[in-house]
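Readers should treat all values here as calculations from the given coordinates under stated rules, not as data from a laboratory. Model, not experiment: these values are computed from the prediction. So basically every Cβ, Gly included, is an ideal-geometry build from the backbone, and we count neighbours across all protein chains shown.
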Amino acid sequence: MGQLRPPAPPPPRVAPAPPQRPSYYVKVDLLNLRAGPGMDFPKIGQLNRNEELEKVGETEDWFQVRVKRSGTLGWVAARYLSGQPVSVAQPPTPAAPGEAAPTEAQPEKPSKVETVVPRAPKPAEAAEPPPPKPKPEEEAAPAPAPEVVPAKPEPKPPEPVVPPPAPTPTEEKPERIRIM
């Protein structure tokens, strides 16, 4: 009788490759990466034009993405993503309120030269530092409205107390009471 060989062990199981997730690219200059699917969620980062993202999930018009360069997970509005990298000369896409507005490089305009004559500061202004000069990249963006702080009124000297004039004697008529 021959020797019986034990059956050959099955080949080792190879773990299936993770599913290939689609890649997307940011099609605006700056895009906010948020903690959840909506503008009510806090910003956790900003993404630049053509930054590569991996789609992990989606809900309505928001994609959950993983940023390829850092591995950060977050949510972005799907309308600001493209299936391929975008050229720099592409027209800007309007941003929704609360999202970073796309900016377009504009040619520099010659600046006007203004002559500023310094004036003596008023007492209330003497303690305030001068506002910082804007950096070149900030000049293109509209500056936020300065906070208006009402000036404290200067105390007025007390007015002299003048007694009211004495009533002049007049003829008093008795009031009539009408009953209806």
Interchain or sequence-distant (5+) residues whose placed amide H lies within less than 5 Å of the amide H of GLN46 are LEU33
Spherically averaged projected area in nm², based on the convex hull that wraps the Cα atoms of the range 1-89: 9.6 nm²
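Based on the mean of other beta carbon atoms within 10 Å per residue, what is the order of 159-165, 62-68, most packed first? Walk me through the numbers on the way to the answer.
On the way: 159-165: 5.4, 62-68: 18.9.
Per-residue Cβ counts within 10 Å, averaged per peptide and sorted highest first, yield 62-68, 159-165.
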Once amide H atoms are built 1.01 Å from N in the peptide plane, which residues 5 or more positions from MET39, or in another chain, come under 5 Å H to H? none
In whole Hz, the Karplus estimates of ³J(HN,Hα) for the range 41-51 (6.51, -1.76, 1.60; θ = phi - 60°; x where Gly or Pro) are 7, x, 6, 10, x, 10, 10, 9, 4, 6, 5
Using modelled backbone amide H atoms (1.01 Å from N, in-plane), which distant-in-sequence or interchain residues come within less than 5 Å of GLU58's amide H? GLN64
Note the full-extension length gain between SER82 and VAL162 as 0.36 nm times their separation in residues minus their Cα-Cα distance, in nm to one decimal. 20.8 nm
